[in-house]
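Data block below; observations after.
The values are calculated or read from the model by the stated rules, or taken from the named source; none is laboratory data. Predicted model, so just to flag it, every value in this text is computed and none were measured. Ideal geometry is used to build each Cβ from the backbone, glycine not excepted, and the neighbour counts take in all protein chains shown. Heads up: the accessible areas ignore ligands, DNA and RNA and are worked out on the full protein's heavy atoms, side chains in. Shrake-Rupley method; radii C 1.70, N 1.55, O 1.52, S 1.80 Å.
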Amino acid sequence: MTNVPAVQLDHVWVIYQQRPALEDITLTIPPGRYVGIIGPNGAGKSTLLKVILGLIVPSRGEVRVFGEPPARLRKSGQLLGYLPQKPLSEPRFPVTVLDVVLMGRFGRIGLGRRPGPRDREVALAQLERLKIAHLADRPIGALSGGEQQRVFIARALAVEPRLLVMDEPTISLDACAQDDLFEMVFDLKRELDLTVLVVSHDIGAVARHVEEVVCLNRRLYVHEPPPIGRLALESTFGCSVEYLFHGEIPHRVVRRDE
Ligand code: ATP
């Protein structure tokens, strides 16, 4: 079982209304890796995550997550924790923090069933883990962006996943909070033996924290550990890129007039 890749895509295409969003993606991610996915707007990053989560069936190609079709894993309510780009469509929705985290248990509980003591125990444990147990009874809409983000990570962890997938988790956070979040996710990964995929536009933060980078722009341009060179980044983004990865610290590039 340990040799089974966490994620395996084999010549995967996704075509929306005759337009390819993903072209011929072949990718293997071993278990236990922390992987950043970068690419410009519309590059297919969210689509890639949804394919891996079994929310979209590819037009062509094969997907396996821990050796299984992802839709089968989803049906069994196990293994896949997901932090979507917009975790709540209506942030003023009148539910408490604990209710939100309990939603992570629904896949395991089954439709129409109520959470039991073990579900509450798991949900509360995730709130403790993320140091927000004191917020359990607060309405989700009354929290700051950073606090809400921790709640949604707690919800994803309440699934008790082996794969944690996060779509731009740092979008509403300031620079320090972004770094803290990447660091915290690294600690969670080690503690819980997770494989983590994170989409981010923050190339600098990705460079500092992840173990592998996937550069995507409909096609897969690069899949390797940082540092990623400027040419690879620029070919992915199709324009000059502000940050380069050199050693541990990314720095701004001053472009001379061409
Ligand atoms: P961003 O960084 O802007 O969030 P992304 O890299 O996550 O973008 P996707 O959301 O995967 O990109 O979208 C890839 C392309 O597929 C875009 O051109 C988008 O308009 C298109 N697309 C995504 N979902 C659908 C859909 N359900 N129907 C039709 N086209 C779609």
Considering only the chain, what is the antiparallel percent among its DSSP beta bridges, to the nearest 5?
55 percent
Quick one: Cα centre-to-centre distance for the range 185-227 and the range 138-179, in angstrom?
17 Å
Which of rounded, prolate or oblate describes the range 78-224 when judged by the alpha-carbon gyration tensor and an a/c cut-off of 1.5?
prolate
Solvent accessible area, Å² - residue 50, 1.4 Å probe, full protein context
70 Å²
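In nm, what is the difference between 0.36 nm times the number of residues separating residue 57 and residue 109 and their Cα-Cα distance?
Between residue 57 and residue 109, full extension yields an extra 16.3 nm.
Rounded to the nearest 0.05, what FRET efficiency is calculated for residue 234 and residue 28 with R0 set to 30 Å and r the Cβ-Cβ distance?
Step by step, r from the Cβ atoms, then E = 0.75.
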Can you tell me the 0 to 90 degree angle between the C-alpha axis of helix 117-129 and the longest principal axis of the chain, rounded to 10?
50 degrees
Expected unfolding gain across residue 19-residue 133 under the 0.36 nm per residue rule, minus the alpha-carbon gap, is 36.5 nm
The helix 175-192 Cα axis meets the longest alpha-carbon principal axis of the chain at an angle in degrees, between 0 and 90 and rounded to 10, of 70 degrees
What do you reckon, how do 150, 74, 113 stack up by accessible area (1.4 Å probe), largest on top?
113, 74, 150
Result: in the chain the number of Lys pairs with C-alpha under 19 Å apart, spaced 8 or more or on different chains, is 4
MRE, 222 nm, helices only [DSSP H, n ≥ 4, -39500 (n - 2.57), over the chain, to nearest 500]:
-9500 deg cm²/dmol
Once R0 is set to 30 Å, what does the formula 1/(1 + (r/R0)^6) return for the Cβ-Cβ distance between residue 85 and residue 118, expressed as a FRET efficiency to the nearest 0.05?
0.50
Sulfur and carbon atoms: percent of accessible area, the chain [1.4 Å]
49 percent
Student exercise, the range 85-160 dipole from Lys, Arg, Asp, Glu Cβ charges, in Debye to nearest 20
140 debye
Running Debye on the chain with equal point scatterers at the Cα sites and no solvent, what base-10 log of I(q)/I(0) appears at q = 0.13, 0.15, 0.16 Å⁻¹?
-0.85, -1.11, -1.24
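Can you give the direction-averaged projected area of the convex hull of the alpha-carbon atoms in the range 85-160, in nm²?
So the mean shadow area of the Cα hull is 4.8 nm².
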Send over a whole-number figure in Å² for the accessible area per residue of the range 26-122, probe 1.4 Å.
53 Å²
